[in-house]
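What follows is calculated from the coordinates using simple rules that are stated; it is not laboratory data. Here the structure is a predicted model, which means the values were calculated and not measured. Cβ placement follows ideal geometry from the backbone for every residue including glycine, while neighbour counts extend to all protein chains displayed.
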Amino acid sequence: MKAGTHIADKGEKIEGFGKVRWYRLWRKLLPVLGIAATLLLLSIFTPRFFNPWNLKNILVQSSTLGLMAIGMTLVYLIGGMDLSIPSVMALSGIIGALIIKNGGHPFLSVIASLSLGGLVGAINGFSVAKLKMIPFVVTLAMMQVMSGASTWLTNSVSIAVPLQYIQVVLFKIVGLPLPVYFFVLVTILSTWFCKQTVTGRWIYAVGSNLATAKVCGIPTRKIVMGTYMASGLFAGLTGVLLTARLGAAGPLMGSSNVILDVMSASVVGGVSIYGGIGSTLGAALGAIIITILNNILNLMQVDFFPAQVIKGVIVITFVALDSVRRK
Amino acid sequence: METPYLKMKSVEKSFPGVKALSNVNVEAYAGEALALLGANGSGKSTLMNILGGVIAADSGKISINERIASIKSPMDAAIHGIAFVHQEMALLPTMTVMENMFISHFPLKAKLKIDRKEMRNQCAKVLERLGCHISPENIVRDLGTGERQMVEIGRALLGNNKIFIFDEPTSSLCKQEKEKLISVIEKLKKDGLVVIYITHFLNEVFEMCERVSVLRGGEVVGNSRIEDISMDALVRMMVGDIHIEDRGSAREGSRSEVILEVKNLNRKGVLKNIAFSLHKGEILGLWGLLGSGRTEIARSLVGLDPVDSIALRYAENGELVRMTQDMARKRIGIITEERRVDGLFLSMSVKRNMSMAFLPGMKKKNSASVDIALEDSLCDQFIDRLNIKVSSKDQTVGTLSGGNQQKVIIGRWLEVNPSILIMDEPTRGLDVSAKAEIARIIVRLAEEGTSIILISSEIDEMMSLCDRFLVLNKGNLIGDFTYGVSKEKLVGIAAGSESVHVGGNGK
């Protein structure tokens, strides 16, 4: 079973290679560039937007949204979806905060948060991969379970975490807190993972055509299971970071409008909800764009509800573009 | 002399590059069943699609009840009382029997509300006429295959149709259901209706048809009353005597060491106790009709289809050792029947498609990442070796021609270089030159020592490529022949004209 026994050196250069690639890239980037340009234009007229404090704030906020969007993107890539991300994030934060409040070691608290995320992801993955349940239903119900548990455990009261804990998690390097570095690191690693490794390629294959992937001998169940677990794990990590940033954990931080932001970040970043297309780098950029959008709407003092309308319309537009692209 | 109820005269049809039908004359009489026979690609489906208004003939006349009928759409066909009983049943599984029967013309009360009572009464009457003991209120999903077919026939009867076309109606029926169907067809004939019966099973033709028309290569090669013809003569008509390149004897392969042994392969209702062995470097043909279990065997070997039991042994260092289906999937390459469904990643590039099965073998040393340089060079190598026509290896595979798509899939497995390769209909839908090219590749692979399990519906292709044939009929392995067996024998046995014992070596 050894290939490469007789690799002939074929010096012939295939033409048009570069051209096709650039054209594809250009078409992929066009919608994102469009929305980025619009935001740039808007930002000029927005008071205090270019204030360094505001820009830094955008970066910090993008990092938590971005980590969740990267998790969601992994699941989108295999053709699934994970609606439970924000609620898992909230419950992870709450469990972590409860452990500290009851005298547990902060390290133990972080491990507990991450484990909860991974465990819930594994349950989601098992339901979809092995029990062949529909991802939408499974993860929607899981969202219900998670947010119910959050409210129940906390009585809707936020649980504060001590300052030392916050200082460790939000430790600043060159003026930027740790979550930003996590965000950058996870973006780079996940992009490398998806594009360069065997498992990454398999993720795209499963989302592109599950039946063909099986015929190619790809362990499709493990891949599906793995992406849901990764998504849960990232939700857990986000729970830790967000709890530190807010100084407390409560059920509201996983409210249902967060899931719309996570979805928006992915689809604006060029990820197809039908599977097989997109990248975690795109989702990370999408998260920054969505955060900027939120920021501008906020600074321009647009009310919460009209803001929801605008964001909803953007998601619909990008999903429509995705549908057109597939034809 | 009685006049035919349906007459198709001098029907011609060409598709780009192919003459599908030339000067076809067929007649069917009221109160009789006409068997329409022919190998795959002989033009049966084209002819019936013309009658059903699905495609238009280039020229020719159709007359029904001595009047010229112009059939330009399925609507026209329905107006002339032509009804199809489909092979794959076109029913709505979650709805009731009566809803299925009336789906296109519900009886209404006050032009608004569906008249359920009327519907139930009419449906019950039709079911009774068919001698079928199911309730109009049954949900179709809960019915057996035979009962579902009755629902389809019932639907056709309700439409007051005169001409009933049955396309392979018995291929998925059990014995009792088949007998039931035959008695229903007898009833239809007694009521003066016209039955056109398309089948591959010759014994059924003698059992229930009055006339037979045989098509081959788009021409009618025989019209006869059934009592004037023998089964042997029918088989000869179907296969013709196209000259096959004689290569004298089977390749070395079929006499060399066993590389794979399959035993006790069972799947309820599909495969019965299949056992065979595969030799190194041989091309083993699985021959049988559609639904005979040939594709299911292929897919079972690599775990793509569920099985009730299977025992695999694989040659390793000259010794046969037990192998699970999971292990088989790593050692056996499979080119599936429907390349667009589970053969390709249509939106991906040629390169990505080709490397997909061999990725773990392309890992860089001490790293999880894929060696892009190796991936590129392997892809280039096989594009070159298989002569795949692409503008670049980054071209989207969905934009290639069928032949080139098939070669991409072959290239995928050549990268893995498995010792066994299964090919299910590798030349289906390809033009003549692409077919020949694929055939050459298959022979070359076998000569290089790869063992190949080949499935094809085209007897000539099988005859010219295979060293050995396993013949299947309704999930049973009923024959094992070496190169040199006659075409008539293979076709006849698969169609159930005679029975042979497993292992019997026909000449």
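Stretching the chain fully between B:V258 and B:D326 yields a gain of 22.4 nm (0.36 nm per residue, less the alpha carbon separation).
At a threshold of 8 angstrom on Cα-Cα distance, excluding pairs fewer than six apart, so keeping six or more, what relative contact order does chain B reach in percent?
Working: 969 pairs, mean separation 74.5, N = 507.
That works out to 15 percent.
Prolate is the label for chain B, because a/c, from the alpha-carbon gyration tensor with a ≥ b ≥ c as root eigenvalues, is 1.5 or above and a/b exceeds b/c.
Bridgeable lysines around A:K195 (alpha carbons under 18 Å apart, same-chain partners fewer than 8 residues away excluded): A:K28, B:K351, B:K363, B:K364, B:K365, B:K393. Computed over neighbours whose Cβ is under 10 Å from that of B:G31, the net charge equals -2, Lys and Arg +1, Asp and Glu -1. Solvent-free Debye calculation, one equal scatterer per alpha-carbon of the stretch A:54-326: log10 I(q)/I(0) at 0.15 Å⁻¹ equals -1.09. Note on B:466-477: average number of Cβ atoms from other chains within 10 Å of each residue's Cβ is 0. Tell me whether the stretch B:124-168 comes out rounded, prolate or oblate; compute the Cα gyration tensor, take square roots of the eigenvalues as a ≥ b ≥ c, and use a/c under 1.5 as the rounded threshold. In terms of gyration-tensor shape, oblate.
Legend: calculated FRET efficiency, B:A368 to B:R444, from the Cβ-Cβ distance at R0 = 51 Å, rounded to 0.05, equals 0.90.
Determine the dipole magnitude for chain B: charges of +1 sit on the beta-carbon of Lys and Arg, -1 on that of Asp and Glu, nothing else is charged, the reference point is the Cα centre, and the result goes in debye to the nearest 20.
Magnitude of the dipole: close to 1120 debye.
By the gyration tensor of its Cα atoms, with a ≥ b ≥ c the square roots of the eigenvalues, what is the shape of the stretch B:85-203: rounded for a/c under 1.5, prolate for a/b over b/c, or oblate? It comes out prolate by the Cα gyration axes.
Where the only charges are on Cβ atoms (+1 Lys, Arg; -1 Asp, Glu), what is the dipole of the protein assembly as shown about its Cα centre, to the nearest 20 debye?
2420
Relative to the dominant Cα principal axis of chain A, helix A:135-154 is inclined by about 20°.
Among B:H133, B:H86, B:H80, the order by Cβ neighbours within 10 angstrom, fewest to most, reads B:H133, B:H86, B:H80. With the simple model of a label 7 Å out from the Cα in the direction of the Cβ, B:D232 to A:L55 spans 9.5 nm.
Rounding to the nearest 20 debye, state how big the charge dipole of the stretch A:54-326 is about its Cα centre with +1 on each Lys and Arg Cβ and -1 on each Asp and Glu Cβ.
The dipole magnitude comes to about 580 debye.
For B:K111, A:K311, B:K190, A:K101, the sequence from fewest to most other C-beta atoms within 10 Å is B:K111, B:K190, A:K101, A:K311. Among A:V32, A:V138, A:V309, the largest mean-square fluctuation in a Gaussian network model of chain A (Cα springs under 10 Å) belongs to A:V309.
DSSP loop GluC sites (Glu not before Pro) in the stretch B:22-67 with at most 12 other Cβ atoms within 10 Å of their Cβ, which ones?
Listed in order of number, the matching sites are B:E66.
Which net charge results for the neighbourhood of B:G131, defined as the other residues with beta-carbon distances under 15 angstrom from its beta-carbon, given Lys and Arg at +1 and Asp and Glu at -1? The answer is +1. From least to most packed, judged by other beta carbons within 10 angstrom and beginning with the fewest, A:L131, B:L278, A:L252 follow the order A:L131, A:L252, B:L278. Taking Cβ atoms as reference points and 15 Å as the exclusive limit, the residues near A:Q61 contribute a net charge of +2, counting Lys and Arg as +1 and Asp and Glu as -1.
Compared with the dominant Cα axis of chain B, that is its longest principal axis, helix B:175-190 is turned about 40°.
Helical content of chain B, expressed as a calculated mean residue ellipticity at 222 nm, amounts to -9500 deg cm²/dmol (DSSP H runs of 4 or more residues, -39,500 (n - 2.57) each, divided by residue number, nearest 500). Of the trypsin sites (Lys or Arg not before Pro) in the stretch B:21-96, the ones in a loop by DSSP (not H, G, I, E or B) with at most 12 other beta carbons within 10 Å are B:K72. For the stretch B:119-193, which GluC sites (Glu not before Pro) are in a loop by DSSP, counting at most 14 other Cβ atoms within 10 Å? Listed in order of number, the matching sites are B:E137. Taking Cα atoms only, the orientation of helix A:85-101 departs from the longest principal axis of chain A by about 40 degrees.
Taking the charge dipole of the protein assembly as shown about its Cα centre, with +1 at Lys and Arg Cβ atoms and -1 at Asp and Glu Cβ atoms, the residue from A:V224, A:N57, B:G154 reaching farthest to the positive side is A:N57. Working from label points 7 Å from Cα in the Cα-to-Cβ sense, the A:L260 to B:N273 distance is 6.5 nm. GNM remark for chain A: springs join alpha carbons under 10 Å apart, and the peak mean-square fluctuation among A:A37, A:A235, A:A244 falls on A:A37.
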